[in-house]
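The values are calculated or read from the model by the stated rules, or taken from the named source; none is laboratory data. Bear in mind the structure is a predicted one, so any value in this text is a computation, not a measurement. Neighbour counts run over all protein chains shown; Cβ positions are idealised from the backbone, glycine included. Calculation scope for accessible area: heavy atoms of the full protein, side chains included, ligands and nucleic acids excluded. Shrake-Rupley method; radii C 1.70, N 1.55, O 1.52, S 1.80 Å.
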Amino acid sequence: MSSMFHRLRHRPVVAIAAAGLVLAAAACSSSNSASNSASGSGGKVTISIDCAPPAAQQPVQHKEWIEDIAIFEKANPNITIDSVYNYPCDAVPATFTAMLRGGTETNLYYTYFTDLPQVLLAGQAANITKYVNTTTVPTLNDIAPSSLKAVEAGSTLYGLPTSNYTQGIIYNRQLFSEAGLNPNDPPTTWAQVETDATAIAKLGKGIEGWGDYSAGNNGGWHFSSYMDALGGSTVNDSGATPAAAFDNADGTAILEALHTLRFTDNAMSLTQGLAWGTLQQQFAAGKLGMYIAAPDDIYNVIVATDKGNLNDIGMGPLPSLTGTPAGSLSGGNDYMFAPKDTPAQIEAGVKWINFEDLTPGVGQFNFVRQKADGFPVGFPEPELFNGATGSKINQLRTASATINVSYYTPFINAQEPGDGEPTDAQAVYKTLDPVMLAVLTEPNANIPDLLKTASGNVNTILANSAG
């Protein structure tokens, strides 16, 4: 996996969702992570940062991290980076909660986009608004709005995003060719998904055209992304109290499309109730034509773990009714600042994140180094920036690419805006799992009743959350 992706860990949030947990940024503490390395004499300042890649588990990422610290400290001789090598720093949500309660976080600490409410409730975030502007972060205005929103409460900024993701269709180019489909033309509408999935399923040999989740909160997660693509939203949070917003034509269209794929077209597996990990295995084995996911499914799981063939894989946009997705469920990671941080530490931390995570050509965007170090380069993730910065990063990424970037251009060109995640996301996803399961297992599923019941249940959850 690419060096920039040791901090792009959105997938465990979904995997851990089976326990119904919202928060999963386990920025584990160590003996020195709790220390407030305050400004020393002569204007010198030390900042502790967790989630640094350890030499034992991530040797090449560790090498690049050390290189970047050396470059940064040489350019900023008054700043010392104190790396905390806690691995895996995102695995135990309870540890993150304990860290917040104890106030033992590092000066800069890693969180997921969904963590801000818990962090604020614990009172463990410094207000960094006055320290962040286009002088301290020159690419600020090009950061994707949904990513910046994840670290804001009102007009107050509490952190800086460092990576993000959106979803699209991952498809098997080899199966497309075998089914007589154009591997350079993935489907963009639900009608086209049905046509292509049916053609792939007719190949037989246990091959399915389309796959989806309906367990472990992952079914609701996918349903929410489908809603975003249609221009809707699973939860409407524009009013005083968030409310369910899927018992409508959009929600009906999605469920009808999935039900048709399963029972009319026979383009989906007879086995349902699938949770995260199963579709990747099917896909890698050449037994699945299409499903939706973020790019990291490819380089982190399908190829790296399940031994799929990278040359068989392409990506397109999320399916919609019009062929142009209005958005995508999105997520990502960031660094927040401890309330004990001194102004000098906040200034130094902003300077480090700007260097390591927000500048084209250096840090996580040093694609020339990643290629030289043997990492696959060219996957369209993170897409943290719009505008000129986004164009520059994609240009640099393509110039050093070690994969066939053209296989992913349909996804890139769709430019799906990230919509974030719904309020009380994991509880909402859990409530929608049974809806997805019923649609994929019951030939006579009553879709209006399923949506009405789930909507009422979600509204109860949201009312309790607000209370």
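Some points to look at:
- Out of T252, T241, sole residue that is assigned to a helix (DSSP H, G or I), surrounded by fewer than 22 Cβ atoms within 10 Å (Cβ to Cβ) and not basic (K, R): T252
- Residue match in region 267-290 (condition: touching a residue at least 60 places away in the same chain (Cβ under 8 Å), under 23 Å from P380 (Cα atoms), touching a His at 6+ places or on another chain (Cβ under 9 Å) and in a strand (DSSP E or B)): no
- Looking only at region 401-449, residues that are under 30 Å from N184 (Cα atoms), surrounded by 17 or more Cβ atoms within 10 Å (Cβ to Cβ), more than 21 Å from the chain's Cα centre (by Cα) and small (G, A, S) come to 1 in all.
- Unique match (being more than 20 Å from Y226 (Cβ to Cβ) and of a type in the set (S, T, Y)) among T398, T431: T398
- Single residue of A240, A229 found to be modelled with pLDDT of 95 or more and among the small types (G, A, S): A229
- For N386, the test of being open to solvent by 30 Å² or more (accessible area, probe 1.4 Å), closer than 18 Å to T134 by Cα and modelled with pLDDT under 95 is passed.
- Residues being in contact (Cβ under 8 Å) with a residue 60 or more places away in the chain and in a helix (DSSP H, G or I) - total across region 365-398: 7
- Residue pairs meeting the criteria (Cβ under 7 Å; at least 6 apart or on separate chains; first without any contact (Cβ under 8 Å) to a residue 40 or more places away in the chain, in region 187-209; second open to solvent by 20 Å² or more (accessible area, probe 1.4 Å)): A199/A179; A199/G180; A199/L181; L203/E178; L203/A179
- Some residue of region 339-350 being farther than 25 Å from T111 by Cα, surrounded by 20 or more Cβ atoms within 10 Å (Cβ to Cβ) and in contact with a helix residue (DSSP H, G or I) (Cβ under 9 Å, 6 or more places away or on another chain): no
- Subset of region 123-147 [at pLDDT 95 or above and outside any loop (DSSP other than H, G, I, E, B)]: T129, K130, Y131, L140, N141, D142, I143
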